[in-house]
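Q: If you scroll down you'll find the structure; I have some questions about it.
The values are calculated or read from the model by the stated rules, or taken from the named source; none is laboratory data. Just so we're clear, the structure is a prediction, and the values are computed from it rather than from any experiment. Reconstructed Cβ throughout: ideal geometry from the backbone, glycine too, with neighbour counts over all protein chains shown.
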């Protein structure tokens, strides 16, 4: 009997006699509702996982200004817990910093804007979600400027040609003469300052060895080391090689354009 079973859980019950077809219909309806609930839970779990896979902070705010969802990375950047944001009006939370000119109460959008929060610089976008010409939500995506710089640096390093990495250090320079000892000592001093260094010597004396050693002993050591043999370059291509060019700039150029060596060496050293 069902009655004693449910009473064990502290539930009240009453016997209602129903025709068998009605009972079967109720069971089928319950099964259908269960599948709908499982489907909805799966969809919500999938959306949550997709949001948390993003390398950007993401926050969704409905048309009334209430926070619909926020991913873990956004909470990390903002220094708050997810429960401190969900279902609250954005104006009562840290997300109000993104509403600098009332964008979150209108249809306005913001692209590539910058603000400072907790001593870190954030780059953010605000997009209005429109359905049937009606505002349904605002989507805020943001990231730390430092993370963007690190990503750009990683891309530059991948774009660099093989061999544009400094392998030598001052320990690679072999020699015990007074001249070589003084040159190494002087080069180590130059490595500590952010200035252009001129290295002069006859061909074959190891100028690039010194250049790599200076790079690896400098604050730019984690950046790229780009070598340019200017003597082997005709003047007509030197500018495009050093500074790059935009797509479709000239006949024969790459359709997607090309980054210059100075751009590839950003944060590092050009030799």
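Q: Determine if segment 218-234 includes at least one residue that is more than 16 Å from residue 270 (Cβ to Cβ), out of contact with any helix residue (DSSP H, G or I) (no Cβ under 7 Å at 6 or more places or on another chain) and in the same structural domain as residue 259 (by TED's automatic domain parsing).
A: yes
Q: For segment 183-211, what are the residues that are part of a loop (DSSP other than H, G, I, E, B) and in contact with a helix residue (DSSP H, G or I) (Cβ under 6 Å, 6 or more places away or on another chain)?
A: Matches in segment 183-211: 197, 199, 201.
Listed here are the residues, each with its yes/no results for (1) farther than 24 Å from residue 53 by Cβ; (2) touching a residue at least 40 places away in the same chain (Cβ under 8 Å); (3) more than 21 Å from the chain's Cα centre (by Cα).
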site	(1), (2), (3)
75	no, no, no
83	no, no, yes
98	no, yes, no
125	no, no, no
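Q: Sticking with this one: Hey, among 25, 87, 63, which residue is surrounded by 12 or more Cβ atoms within 10 Å (Cβ to Cβ), assigned by TED's automatic domain parsing to the domain that holds residue 142 and over 29 Å from residue 146 (Cα atoms)?
A: Residue meeting the stated conditions: 63.
Q: Oh, and also: What are the residues in segment 108-120 that are modelled with pLDDT of 90 or more and surrounded by fewer than 13 Cβ atoms within 10 Å (Cβ to Cβ), if any?
A: 114, 116
Q: Only one of 140, 148, 126 is surrounded by 13 or more Cβ atoms within 10 Å (Cβ to Cβ), at pLDDT below 90 and touching a strand residue (DSSP E or B) at 6+ places or on another chain (Cβ under 7 Å). Can you tell me which?
A: Result: 148 is the single residue among 140, 148, 126 that is surrounded by 13 or more Cβ atoms within 10 Å (Cβ to Cβ), at pLDDT below 90 and touching a strand residue (DSSP E or B) at 6+ places or on another chain (Cβ under 7 Å).
Q: Take the conditions free of Cβ contacts under 8 Å to residues at least 60 places away in the same chain and outside any loop (DSSP other than H, G, I, E, B) and apply them to residue 180. Does it pass? Explain how you work it out, then say what you get.
A: Details: free of Cβ contacts under 8 Å to residues at least 60 places away in the same chain: yes; outside any loop (DSSP other than H, G, I, E, B): yes.
For residue 180, the condition - free of Cβ contacts under 8 Å to residues at least 60 places away in the same chain and outside any loop (DSSP other than H, G, I, E, B) - is met.
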